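Okay, so here's the structure we're looking at.
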Amino acid sequence: MACDLCKLLEAPMPVSALIWGDHQLSVVAVDEAEYPGFTRVVWNAHVKEMTDLSPAERSRVMEVVWAVESAQRAVMAPEKINLASFGNMTPHVHWHVIPRYVDDAHFPNPTWAVAQRSSAPEVLAARRALLPALHAAIIERLKA
C-alpha cells in the first residue's frame, strides 16, 4: 500500500503547503477550511512509530511540534491546541497540531466528530488572514 505522506513529500508541494523543512522533518499547512492554522509535522522518511526513531530523533520531532504549537498560540490565540498522532490510516510518523476555538465547528469534541455548529464565514476569514504571520512565526521558531 502506498503511503499518502510519502507521496505528499515526494511530489512537488504547493508553495502554500510547505511551511518549513529540513533533512528530517517537514511542517505542512493542512488545507482544512474549518480549521485555519491546522498544521502537520511530518518525519520525512517512512517510519511507522515514534519508537522506530532514536531518542534524539524523537526529541527533535517534539521540539518541532512544540515550536508549531507555540507559534499557533502566539498568532492565532486559540482556546486550546489539539495535538494528535494517530497514523491508523497513514502509518507514517506525523503529528497534527490544530488550533481550537469555542466557536469552531466541533468544539469541544474532536475535529472528526459530528459538527456541533457552522463556523461563521467572517470568523474563518479573519483566522485565514493570520496564516502568513503564523507561517512566519513557525519559521522564526525553527531557525537553526
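The values are calculated or read from the model by the stated rules, or taken from the named source; none is laboratory data. On a predicted model such as this, the values are computed, not experimentally measured, just so you know. Glycine gets a Cβ as well: all are built from the backbone with ideal geometry, and neighbour counts include every protein chain shown. When the accessible area is computed, the model is the full protein with side chains, heavy atoms only, and any ligands, DNA or RNA have been set aside. Shrake-Rupley method; radii C 1.70, N 1.55, O 1.52, S 1.80 Å.
Odds and ends about this structure:
- Test: residue in the range 4-23 that is closer than 23 Å to residue 112 by Cα, open to solvent by less than 50 Å² (accessible area, probe 1.4 Å) and at pLDDT 95 or above: no
Let's see how each residue does on (1) open to solvent by 50 Å² or more (accessible area, probe 1.4 Å); (2) in a helix (DSSP H, G or I):
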site: 59; (1), (2): yes, yes
site: 65; (1), (2): no, yes
site: 89; (1), (2): yes, no
site: 92; (1), (2): no, no
site: 95; (1), (2): no, no
site: 98; (1), (2): no, no
site: 118; (1), (2): yes, no
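- Cβ-Cβ contacts under 9 Å between residues 6 or more apart (or on different chains), taken from a first residue in the range 121-142 that is over 24 Å from residue 25 (Cα atoms) and touching a residue at least 40 places away in the same chain (Cβ under 8 Å) to a second residue that is of a type in the set (D, E, K, R) and open to solvent by 50 Å² or more (accessible area, probe 1.4 Å), are listed as 124/34.
- Qualifying residue in the range 39-55 (condition: aromatic (Phe, Trp, Tyr), farther than 23 Å from residue 125 by Cβ and either in contact (Cβ under 8 Å) with a residue 60 or more places away in the chain or surrounded by fewer than 16 Cβ atoms within 10 Å (Cβ to Cβ) (or both)): no
- Some residue of the range 136-143 being over 22 Å from residue 6 (Cβ atoms), charged (D, E, K, R), modelled with pLDDT under 95 and open to solvent by 30 Å² or more (accessible area, probe 1.4 Å): yes
- Qualifying positions in the range 120-140 - touching a helix residue (DSSP H, G or I) at 6+ places or on another chain (Cβ under 6 Å) and assigned to a helix (DSSP H, G or I): 133, 134, 137, 138
- Filter result (more than 13 Å from residue 27 (Cα to Cα) and in contact (Cβ under 8 Å) with a residue 24 or more places away in the chain) within the range 1-15: 3, 4, 6
- Here residue 72 meets each of (1) more than 17 Å from residue 33 (Cα to Cα); (2) under 14 Å from the mean Cα position of the chain (by Cα) with one exception, condition (1).
- Residue check for residue 129: open to solvent by less than 50 Å² (accessible area, probe 1.4 Å) and among the small types (Gly, Ala, Ser): no
- Scope the range 71-87; condition closer than 20 Å to residue 24 by Cα and open to solvent by 40 Å² or more (accessible area, probe 1.4 Å); matching residues: 83, 85, 86
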